[in-house]
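See below for the structure under consideration.
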Amino acid sequence: MPTTTEQDLVETSQLAAQWARIRGRLQHEVGEVEYRTWLRQMTLAGVDGDEVTVHLPTRFLRDWVRSRYGDRLSALWHAESPMIRRVEIRVGGNIGPIAPLAEPVAPPPDPPPAPNGAAAPREDRADSRGDLTAALDQRFTFDGFVVGKPNEFAYACARRVAERPASPGFNPLFLYGGVGLGKTHLMHAIAWELVSGEGARRPVSVAYMSAEKFMYRFIAAIRSQATMEFKETLRSVDVLMIDDLQFLIGKDNTQEEFFHTFNALVDAGRQIVVSADKSPSDLSGLEDRLRTRLGCGMVADLHATTFELRISILESKAARAGVPVPGRVMEFLAHKITSNVRELEGALNRLIAHANLFGRPVTLETAQEVLHDILKAHDRRVTIEEIQRKVAEHYNIRLTDMSSARRARAVARPRQIAMFLAKQLTSRSLPEIGRKFGNRDHTTVMHAVSRIGELMERDGSFAEDVELLRRMLES
Ligand code: ADP
Ligand code: MG
């Protein structure tokens, strides 16, 4: 008889597994972008009798998820655990990091068919081949890809491979770059182009899958003693695309299998396209011979986006959605969300959805409100040193005066402003701030904060000055 704690543990882990499966199904049903935009921040808050409570970090997300996915969530829960009859969606939980987390586990049992043309005709392929091509995202086409300096080379290479697969010098094509910069988009675009290619070219069969999927399938094949079949089906495609190859690091058997498949295909004049988060030479943990072969064709990287590219992407996506988004709002977003196009897109999607839902135009104010969780997670961490430097520069005083004992107003006032901003813009405590300003007492900081506040209320131009500094530091 398990003790209560053991029992609890078992139940908790069962619950976690059920929740992970439900999330996995939802993600599969709604697609990755939609999932990330609306559902990723759901957390399981608890189960009470026949009711499950799910948390979301903002009211807007809660309302949205409730109205759009509430029924589906209930149905999925009920299917997992028949005693569950209601799913309550509430505001609560933490604002998670926006960068991708571990994906939900457990692939859904029956994946929907790939969109038309995503794979060579289904009739003439064995079942095991049917899902060689995961559903390709309809929006990930070359047309939908915005080209700018940071990605033009990778784009050109992808186009070239789509036009003439397996040409010398471009095989394999190795695309690499940080998260959300367009690797998967370009791979799908190549696949779309190849399978829907007009003209007299013979139909091209394409297998696209993540390295993770590759591993799952390989392991499943070993279990069901169907490795030969697995090998044969993979080796019979014209183009093999493996996304996020870094996943194979440390998975030696799968790596080995991939290496052999890779060689067999290249020797047979087929095209390989691989993506990873680093260049072949930086992917430590890959077998040397595989690394060498990966670097033999064309290696193209996607650089971090520039402000200009982010603006172009936003313009293009807003135009596609047919919703007017003011330039100021786009600049604001392009300024705040810099690391990852997926998040930029997610933020824009949310604004557009909000505008459609309430029939109100997109404005800077609504953007700040509707996106406050995302923006918060992206708030740049300003340091006290930066604040001191900026303020000293602005008032033309020496940086050392920030911590000196001088009391002349020309020095003391900017110092107070810097303390005020340190309190506003960082999460440092008053004593910590005091220490950074020449070991001053926390009451000195407190005084500075209230003094500057007063002055700002009284003197409009002074307030503007401080606001300006704040904005400069925040951007
Ligand atoms: P990665 O695979 O590099 O992590 P993705 O290809 O999944 O990134 O891109 C993330 C999201 O950003 C996708 O929705 C994709 O359409 C979009 N995206 C990235 N770069 C561009 C671009 N240059 N133009 C249009 N959309 C882009
Ligand atoms: Mg990707």
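Among the aspartates and glutamates, which have Cα under 18 Å from the Cα of LYS149 when same-chain residues fewer than 8 positions away are ignored?
Answer for LYS149, where 18 Å is the Cα cut-off: ASP301, GLU308, GLU315, listed by chain and number.
Please give the peptides 188-196, 302-310 ranked by average Cβ packing (other Cβ atoms within 10 Å per residue), highest first, as a rough proxy for protection.
On the way: 188-196: 23.1, 302-310: 17.8.
Descending mean neighbour count gives 188-196, 302-310.
With a 1.4 Å probe and all protein chains left in place, how much accessible area per residue does segment 347-469 have, in Å²?
Working: 6720 Å² over 123 residues.
That works out to 55 Å² for each residue.
Near LYS436, which lysines are there with a Cα under 22 Å away, not counting those fewer than 8 places off in the same chain?
Cα-Cα hits under 22 Å: LYS390, LYS423.
Taking a cut-off of 19 Å between Cα atoms, list the lysines near LYS231, but don't count ones fewer than 8 places away on the same chain.
LYS213, LYS251
Through the Karplus equation 6.51 cos²θ - 1.76 cosθ + 1.60, θ set to phi - 60°, convert the phi angles of segment 279-286 into ³J(HN,Hα) values in whole Hz; use x for Gly and Pro.
Rounded to whole hertz, the list is 6, x, 5, 8, 7, 6, x, 8.
With every protein chain present, what is the per residue accessible area of segment 4-91 (1.4 Å probe, Å²)?
On the way: 4510 Å² over 88 residues.
Here the residues of segment 4-91 average 51 Å² of exposed surface.
Using the Cα centre as the reference, give the magnitude of the dipole from point charges on the C-beta atoms of the chain (Lys, Arg: +1; Asp, Glu: -1; all else neutral), rounded to the nearest 20 debye. If you can, show how the numbers build up before the last one.
Values: 63 positive and 62 negative charges, 306 e Å.
Using only the charged Cβ atoms, the result is roughly 1460 debye.
Among ARG381, ARG471, what's the order by accessible area (1.4 angstrom probe), most exposed first?
So the residues, ranked largest to smallest area, are ARG381, ARG471.
Only helical DSSP H runs with n ≥ 4 go in: add -39500 (n - 2.57) per run for the chain, normalise by residue count and round the 222 nm mean residue ellipticity to 500 deg cm²/dmol. Kindly include the intermediate steps, with their values, before the conclusion.
Numbers: 19 runs with 248 residues, N = 475.
-16500 deg cm²/dmol, from helical runs alone.
Whole-Hz ³J(HN,Hα) for each residue in segment 335-351, computed from phi via Karplus 6.51 cos²θ - 1.76 cosθ + 1.60 with θ = phi - 60°, x for glycine and proline: what do you get?
After applying 6.51 cos²θ - 1.76 cosθ + 1.60, I find 7, 7, 10, 10, 8, 8, 5, 4, 6, 4, 5, x, 5, 5, 4, 5, 4 Hz.
Report the relative contact order of segment 4-91, percent, no decimals, based on alpha-carbon pairs under 8 angstrom and at least 6 residues apart.
Working: 84 pairs, mean separation 24.1, N = 88.
Relative contact order, segment 4-91: 27 percent.
Taking square-rooted eigenvalues a ≥ b ≥ c of the alpha carbon gyration tensor, is segment 361-449 rounded, prolate or oblate, where a/c under 1.5 means rounded and, failing that, a/b exceeding b/c means prolate?
Working: a/c = 2.76, a/b = 2.07, b/c = 1.33.
It comes out prolate by the Cα gyration axes.
Which distance in nm do the two modelled labels at GLU152 and HIS260 give, with both placed 7 Å along the Cα-to-Cβ direction?
That separation, rounded to one decimal, is 4.5 nm.
Per the 1.4 Å probe, what fraction of the accessible area of the chain, in percent, lies on carbon and sulfur atoms? Present the calculation step by step, with values, prior to reporting the outcome.
On the way: 12150 of 23900 Å².
Heavy-atom surface of the chain belonging to carbon and sulfur, 1.4 Å probe: 51 percent.
Of GLY144, ALA276, ALA211, which is farthest on the positive side of the dipole of segment 130-302, counting Cα position, with +1 on Lys and Arg Cβ, -1 on Asp and Glu Cβ, and the Cα centre as origin?
GLY144
What does the C-alpha gyration tensor say about the overall shape of the chain? Classify as rounded when a/c is under 1.5, otherwise prolate if a/b is larger than b/c, or oblate. Don't skip to the end; give the middle numbers.
On the way: a/c = 2.08, a/b = 1.61, b/c = 1.29.
Prolate.
What is the distance in Å between the Cα centres of segment 222-256 and segment 377-455?
Using only Cα atoms, the two centres lie 58 Å from each other.
Classify segment 309-377: rounded, prolate or oblate, from the alpha-carbon gyration tensor (a ≥ b ≥ c, eigenvalue square roots; a/c under 1.5 rounded; otherwise prolate if a/b is larger than b/c)?
Verdict is oblate for segment 309-377.
Hey, got the dipole for segment 257-359? About the Cα centre, +1 on K and R Cβ, -1 on D and E Cβ, debye to the nearest 20? It would help to have the intermediate numbers written out before the result.
Working: 12 positive and 12 negative charges, 67 e Å.
With Lys and Arg at +1 and Asp and Glu at -1, about 320 debye.
Dipole of segment 309-377 (Lys/Arg Cβ +1, Asp/Glu Cβ -1, origin at the Cα centre): which of ALA321, THR338, ILE374 lies farthest to the positive side?
Result: ALA321.
The values are calculated or read from the model by the stated rules, or taken from the named source; none is laboratory data. Worth saying up front: this structure is predicted, and the values here are computed from it rather than measured. Cβ coordinates were reconstructed from backbone atoms using ideal geometry, including for glycine residues, and neighbour counts include every protein chain displayed. Ligands, DNA and RNA are excluded from the accessible area calculation, which covers all protein heavy atoms including side chains. Shrake-Rupley method; radii C 1.70, N 1.55, O 1.52, S 1.80 Å.
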